[in-house]
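Quick notes on the structure that follows.
The values are calculated or read from the model by the stated rules, or taken from the named source; none is laboratory data. Predicted, not measured: the structure shown is a model, and the values here were computed from it. As a convention, Cβ positions derive from the backbone with ideal geometry for all residues, glycine included, and neighbour counts pool all protein chains shown.
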Amino acid sequence: MEISEQCVVALTWKLTDTLGEELDVLDSPVEFLVGGDDLLKKIEEALQGHVAGDRLKLHIEPEEAFGDYDDKLLFLEPRASFPPELEEGMTFEGSALPPGTNPEAPRDALYTVADIYPDHVVLDGNHPLAGIAIRLELKVEGVRQATEEEIGRGSAGTGFFRIQAQAPGSSTLH
């Protein structure tokens, strides 16, 4: 079966930056809905017409991936507004920021604790890969028809580098 809109692809990949530094490796296949919200548009376009077993190498600029880095998404917040167990790398959904944080911080962003100081916390609302051109080596491990539920949901259950609030110590991008 060829990859087309409204099908599910099982992919493995190796993701690097333009200097060859490894950013992420997916050794076990993960399913993504083509034509939904799971994959970057550039990846979906490149996958069209391919079949299981095919390999692709992509170079994706920041504007086609996770956007340019926006320093307006950095916020200095009072340390006292956050729980004592706060650690660098923890994430907070904008809608769940504690009282006392900047009301101008977009509530639809996901914030990573970038730095912790005695009196302040630096929150970064940029995607961890914002501003970075990426290279992606993909292998199509499988292709199948999407179910009506997957099409209705717009996802096979996994988004490409969808960042979600995580427990301390968790650093998975996918």
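Okay, residues lined up against (1) without any contact (Cβ under 8 Å) to a residue 24 or more places away in the chain; (2) not assigned by TED's automatic domain parsing to the domain that holds Glu141:
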{"residue": "Asp54", "(1), (2)": "no, no"}
{"residue": "Glu85", "(1), (2)": "no, yes"}
{"residue": "Gly89", "(1), (2)": "no, yes"}
{"residue": "Pro103", "(1), (2)": "yes, yes"}
{"residue": "Pro106", "(1), (2)": "no, yes"}
Scan segment 113-129 for residues that are within 16 Å of the chain's Cα centre (by Cα) and either over 25 Å from Ala10 (Cα atoms) or among the basic types (Lys, Arg) (or both) and report the count. 3
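Can you tell me which residue within segment 29-44, out of those that are on the phi < 0 side of the Ramachandran plot and part of a loop (DSSP other than H, G, I, E, B), is farthest from the chain's Cα centre (by Cα)? Before you say what the answer is, go through the steps one by one.
Our first condition is that a residue be on the phi < 0 side of the Ramachandran plot; within segment 29-44, this holds for 29-34, 36-44.
Right, trim to part of a loop (DSSP other than H, G, I, E, B) and you get 36-40.
Working: Gly36: 15, Asp37: 11, Asp38: 10, Leu39: 9, Leu40: 10 Å.
The selected residue is Gly36.
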Quick one: Glu77 ticks every box in (1) over 17 Å from Trp13 (Cα atoms); (2) surrounded by fewer than 16 Cβ atoms within 10 Å (Cβ to Cβ); (3) of a type in the set (Asp, Glu) bar one, so which box is it? (2)
State yes or no: is Gly89 closer than 30 Å to Asp119 by Cα and either in a loop (DSSP other than H, G, I, E, B) or touching a His at 6+ places or on another chain (Cβ under 6 Å) (or both)? yes
With the checklist (1) buried (at least 16 other Cβ atoms within 10 Å of the Cβ); (2) in contact with a strand residue (DSSP E or B) (Cβ under 8 Å, 6 or more places away or on another chain) in hand, flag the one item Gly36 doesn't pass. (2)
Leu23 being in a strand (DSSP E or B), surrounded by 13 or more Cβ atoms within 10 Å (Cβ to Cβ), touching a residue at least 12 places away in the same chain (Cβ under 8 Å) and assigned by TED's automatic domain parsing to the domain that holds Arg135: yes
For segment 91-123, the count of residues that are surrounded by fewer than 16 Cβ atoms within 10 Å (Cβ to Cβ), within 22 Å of Gly67 (Cα to Cα) and hydroxyl-bearing (Ser, Thr, Tyr) equals 1
